[in-house]
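Inspection log for the structure reproduced underneath, given as structure tokens.
Any read-out appearing in this document is the output of simple, stated calculations on the displayed coordinates, not a laboratory observation. Remember, predicted model here, so these are calculated numbers, not experimental data. Neighbour counts are summed over all protein chains in view; Cβ atoms, including those assigned to glycine, are modelled from backbone coordinates with ideal geometry.
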Amino acid sequence: MNNPFTIDFRAVRRMICVVVAVLVATAGVPILFFNHGVSAVQLSSRSIQLSDSGNSGGSIVSGVGSGTNVSYKVTFTTGATSGETHSLVIDFCSNDPIIGDTCTAPTGMTAASATLNATAVSGTVQTTTDNWAVTAGASQIKLADDGTAGHGMAQNTTESFVLSGITNPSTVGTFYARMYDYTNNTYGTYTNAAGVAADNHVDYGGIALSTTATIQITARVQEQLTFCVSAADPNTWTGTPNVDCSDTQVAANPPSIIIGHGTPTKVIDSTAVDTANVWDQLSTNATHGAVINMRNSNTTCGGLSADNGTTCAIPPVNAGAGTGAVAMSPGTAAFGLHVATYSVTSPNAAQTGAIDPTTEYNNGANTYGMDTTTSGNNVESTYGSTIANAHTSGVTAGPVYEADDELTFAAGASLVTPAGIYTANMNLIATGTF
Amino acid sequence: MALLIPAVAFAGGQSSSTHYQVNEVFFGSGGALNNCSSNYCAKESLGETAVGNTSSANYQAQGGFNTDRYPYIEINVNNTSIDLGVLRPNSTKTATASFSVKAYLAHGYEVINASDPPTNDAYTMQTPSTPTASAVGTEQFGINLVANTSPATFGANPVYVPDATFSFGQVASNYNTTNVYMYAKGDEIAYSNASSSYTTFTISYIFNISNVTPGGIYTMNHVLVATGTY
């Protein structure tokens, strides 16, 4: 009697054990399978970077944080054996990134005005050279080249390109993009997002993105301007930590000066041009700098007067011309001012900029001016004559800090200048442009 | 001989026909998809032997019966309005803001500064280009994402939710050193190299002005962009 067959139970047991072992080993690790065509592969290393994560339609209506005019930098690597593909569809969905699921358009999002970069960050998806073009809708962007071999996306290649002019969703939170590419430049058999699982895409991939609230920061810097005039040399100011207008020397030495020579009483005469100094200091954060103007209380004659401004027997130098400071000579009755920047011996480390004299008041060493003629800008006009401008550096108008000037007032008399006490109140005005 | 086959779980992918689809299928020891009380719902399974993320250099998988097939990234900003009041050249103003990031089924994420520094019309506050200590009287706007003791005790190191075995966010270099600050638009300030549960980051801001910092109202919409790689 023959046994019609034999069964090797050892072999069967081994096979069963192997099957069981495989089942047990895989029991705790469910692998996610997507239902795609046999040859479709995932785009790898895929991401979409936003230039602005703000949601649209919020309190920020323009600029960064508004969620409008946003650029999306799309990056991925095509499949290793996908071949060249010539079109790409990107669907934006609020519900999920799963290829083939229904796709709900994100609320408030519109990509209808999206434009493609002229030159890709990497790869060929660009309007120049490879002639890719955009067809965009509210929540979908289609990209296609001109169908020319070599213009498409090569396999196993990193593509990175920028789409601009997109409006983010108006909701805060996660939304998704689904991407699929096709061999031809007419999007293969794509119909809609839900039908992609059944179409002939070559590569695919889902991406999650997120809008979020914007951190809105506000801070205030007060406009500042500090200006003082003193008869004390700033080198004698001794306040700490800063040598500035708050120094006690400033208040203790008001800018009251007597021009002349001799003792016990100083006089001016035809033998000399006498001078006396005061100093000013300016600190301001005015973005566009500042000017210092000067007005003479003798508004009808602009010089020194012995009759309360009715006449100026010591007239402004050079007849008040505003054409540039000039030298003064003994024996000629004249009153003038020379302005010069002044550097202290030990400046504050924070000292910034300078207040540079105008040429009407400094046209070289020992030159003087007292402008009474420049229309609207002279010592007799409402706002006075500009004697200096604040410069942060060089000739660039801007903020200055603890910038000093030395103001040298000069006067001389002629042989026929009437005797008397000649006075003028010179008012200095600093004006910042913020 | 008795052949015993234990109650194993077979995990299969999504199955679909023309009109129907079944997701995340398993046959296991027991479970429920949507058990709810008045206020809470739960998805449960019994008999899992291993859960969580497993990865190699090029691949990763989420183990367990209760997995989700949706990759996602989420960033939440936890405070959105900072008003510093008046800045003065003789003192430093500080502030903090926090944000949380998580990413799932991702190879990681990065968070970048997407905004210019504070501006006053056309004027932009100066910022250190390298991590720099705060200096009173020197115009500076800078940030870091760690705990600090200078110029004040403020800020915090990253917080991992629920703990560091599930959350892997890191502070980027240039922003991860205590007591030094910088700011550059486009800089990466935080990242993770893998899927991660929530990491809460705290941004520490410093504001210093000089005597010549232009007057006006300085504003900044600090936009943070989180990008996941899948």
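Some observations on this one:
- Using alpha carbons only, the radius of gyration of the range B:176-230 set against its Kirkwood radius gives Rg/Rh = 1.05.
- Cleavage-rule hits, trypsin sites (Lys or Arg not before Pro), the range B:89-190, DSSP coil, Cβ neighbours within 10 Å at most 15: B:K185
- Under 30 Å of direct C-alpha separation, and excluding same-chain neighbours fewer than eight residues apart, B:K185 reaches these lysines: A:K73, B:K93, B:K102.
- Measuring spread by the Cα atoms of the range A:37-139 yields a radius of gyration and Dmax of 15.4, 48 Å.
- Taken over the C-alpha atoms, the range A:329-409 has Rg and Dmax values of 14.3, 45 angstrom.
- Chain A - mean residue ellipticity at 222 nm from DSSP helices (-39,500 (n - 2.57) per run, n ≥ 4, rounded to 500): -1500 deg cm²/dmol
- Over the range A:285-340: Kirkwood hydrodynamic radius from C-alpha pairwise inverse distances, Å: 13.0
- Degrees separating the helix A:9-27 axis from the principal Cα axis of chain A, which is the longest one: 30
- Debye intensity ratio I(q)/I(0), log10, chain A, q values 0.09, 0.12 Å⁻¹ (C-alpha model): -0.71, -0.92
- Panel note: the C-alpha atoms of the range A:196-267, placed on their principal axes, show extents of 112, 21, 18 Å (largest first).
- Across chain A, C-alpha contacts under 8 Å between residues 6 or more apart give a mean separation that, scaled by the residue count, equals a relative contact order of 14 percent.
- Compactness of the range A:279-383, taken as the C-alpha radius of gyration over 2.2 N^0.38 Å, stands at 1.20.
- Relative compactness, the range A:349-388, computed as alpha-carbon Rg over 2.2 N^0.38 Å: 1.41
- Per-q log10 I(q)/I(0), the range A:183-311, q = 0.09, 0.10, 0.18, 0.22 Å⁻¹ (Debye; single scatterer per alpha-carbon; no solvent): -0.56, -0.63, -1.18, -1.31
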